[in-house]
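As structure tokens, the structure follows; a few thoughts come after it.
The values are calculated or read from the model by the stated rules, or taken from the named source; none is laboratory data. Source: prediction; values computed, not measured. Cβ placement follows ideal geometry from the backbone for every residue including glycine, while neighbour counts extend to all protein chains displayed. SASA here: full protein model, heavy atoms, side chains in, ligands and nucleic acids out. Shrake-Rupley method; radii C 1.70, N 1.55, O 1.52, S 1.80 Å.
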Amino acid sequence: NGKKFTVIDTGGYISKSDDIFEEEIKKQVLIAMEESDVILLLVDVETGITAPDEALAKILRKSDKKVLVVVNKVDTHNRQYDANVFYGLGLGEIYTISSINGSGTGDLLDVVVEQLGDAPTEEELQIPRFAIVGRPNVGKSSLVNALLGEERNIVTPISGTTRDTIHSRYNKYNHDF
């Protein structure tokens, strides 16, 4: 529909865990939610409402963000009926999809686009970009965190923590990157 936007794919949110990765992923999920204009809470019709779903719903109910509850794996009539349990999260309308075959994703995209504000200006799209590269465990993510002044990237003593490219907006000293 002529709108450009960025999608942030987060790791899975686990509210209480001793796993170092899960705690760091939780921080990243919270940052992504703060940076977003629209939040899609993806849930699984096969498992119903889980403790992590409830924990996220509690956070999202307190938020002033637009939230869409997206129920995945709804690829039969019976599952369409089963999806209604997610109204219990108290976040309003639910949107049923099947990621595996694409069912409902077009309608969901239409709703997402409706919820977005105006597209960024051409100037915003033309900001300079730079990449930080190097072998594993030399401190690339730590450097990005230091530049941004926040814990944007997961940093652990375990080599290979960062698996995907991470885009971040950097604005310091009247420069935007």
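The table that follows gives values for the structure above.
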| item | result |
| --- | --- |
| Qualifying residue in segment 61-83 (condition: touching a helix residue (DSSP H, G or I) at 6+ places or on another chain (Cβ under 8 Å) and among the hydroxyl-bearing types (Ser, Thr, Tyr)) | yes |
| Among the candidates Leu89, Leu41, residue that is open to solvent by less than 70 Å² (accessible area, probe 1.4 Å) and closer than 23 Å to Gly117 by Cα | Leu41 |
| Filter result for the condition that a residue is of a type outside the set (Val, Ile, Thr), modelled with pLDDT of 75 or more and over 25 Å from Ile100 (Cα atoms), over Leu40, Leu30 | Leu30 |
| The listed residue being outside any strand (DSSP E or B), of a type in the set (A, V, I, L, M) and open to solvent by 70 Å² or more (accessible area, probe 1.4 Å), out of Ile8, Ile14, Ile25 | Ile8 |
| Residue count for segment 44-86, restricted to those that are open to solvent by 70 Å² or more (accessible area, probe 1.4 Å), acidic (Asp, Glu) and in contact (Cβ under 8 Å) with a residue 24 or more places away in the chain | 4 |
